[in-house]
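The values are calculated or read from the model by the stated rules, or taken from the named source; none is laboratory data. On a predicted model such as this, the values are computed, not experimentally measured, just so you know. All accessible areas refer to the heavy atoms of the entire protein, side chains included, with ligands and DNA or RNA removed. Shrake-Rupley method; radii C 1.70, N 1.55, O 1.52, S 1.80 Å.
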Amino acid sequence: MAVAGLLVVGWRAVPTNTTPVVALENGWAKLTEQQPKAMQLQVAIKAQRPTLPTGCEITDVAMLLEFRGKPQSLTQIADEIPYTDDPETGFWGNPFNDTGYTMYPPAWRSYFEKHLGSFTDLSQKPVSTFRQELAAGKPIVVWVHMHGFVAHAILLTGYTNQTFVYNDPYTGKANRRISSQRLWELMASQNYRAMTY
């Protein structure tokens, strides 16, 4: 009887397409106030192309906003953010064409605070912190070296013991998996930059 009750709690705690094992772990986590061993947020995928060929982080933010119930189009976000020749203060280049580079976490603070009410710079934080934020229901934008781009950004949406789950705006594919070690390696060239709300 106790196990059956735990399963019910578990299925209410996580998305319906999560495995029974993960559901059980999450149900137990809710009862014991421990961080779940595995979890995944249901974040709808958005593709940056063709609208923003170099606007991956903008697309990640669009996914995050929609997840929070505050949707904005890629164009709306791109039109509102600042543009400078320093990615620490604004978007460097033009995300609507191939001249764009990126916009780092500090430059996103005012936008996040305006639209989401909070901002957390997770740059150089350990992957254990990423798991804590994801368990709290917060997708995470991380900067990586991927697809031949020195600066690319993906959206972390979940984790298991050894991997992270992410949405990739460049390929338009959701629920991709990457080992924690490989993620850390790909973040190195971007100085381990990451953010959430």
What list of ³J(HN,Hα) couplings, whole Hz, do you get for the range 106-118 from phi and the Karplus terms 6.51, -1.76, 1.60, once you set θ to phi - 60° and write x for glycine and proline?
-> x, 6, 8, 3, 5, 5, 4, 5, 5, 9, 10, x, 7
Of 67, 164, ordered by accessible area with the largest first and a 1.4 Å probe, the sequence is 67, 164
Name the long-range amide H neighbours of residue 123: under 5 Å, sequence gap of 5 or more, or other chain; modelled H, no Pro or chain starts.
-> 194
Per-residue HN-Hα couplings for the range 180-186 [Karplus 6.51, -1.76, 1.60; θ = phi - 60°; Hz; x = Gly/Pro] | 4, 5, 5, 4, 4, 5, 6
Per-residue SASA entry for residue 195, accessible area with 1.4 Å probe, Å² rounded to 10 | 0 Å²
Near the amide H of residue 144, under 5 Å away, which other amide H atoms are found, from residues 5 or more places off or on another chain, if H is placed in the peptide plane?
-> 152, 153, 154
Estimated vicinal HN-Hα couplings, Hz - the range 141-151 in sequence order (Karplus 6.51, -1.76, 1.60; Gly, Pro = x) | 7, 10, 9, 9, 9, 8, 6, x, 9, 5, 10
Distant-in-sequence amide H partners of residue 90 (H built 1.01 Å from N, under 5 Å) = 84, 104
Mean projection area, nm², convex hull over Cα of the range 19-171 | 9.3 nm²
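Rounded to the nearest percent, how much of the accessible area of the range 40-84 (1.4 Å probe, protein heavy atoms only) is carbon and sulfur? Can you show the working numbers first?
Working: 980 of 1860 Å².
About 53 percent, which is the carbon plus sulfur part of the accessible surface.
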Among the listed pairs 70/138; 70/173; 46/173, which are separated by more than 18 Å between their Cα atoms?
-> 70/173
Tell me, what is the percent relative contact order of the range 59-167, built from C-alpha pairs under 8 Å that lie six or more residues apart?
-> 15 percent
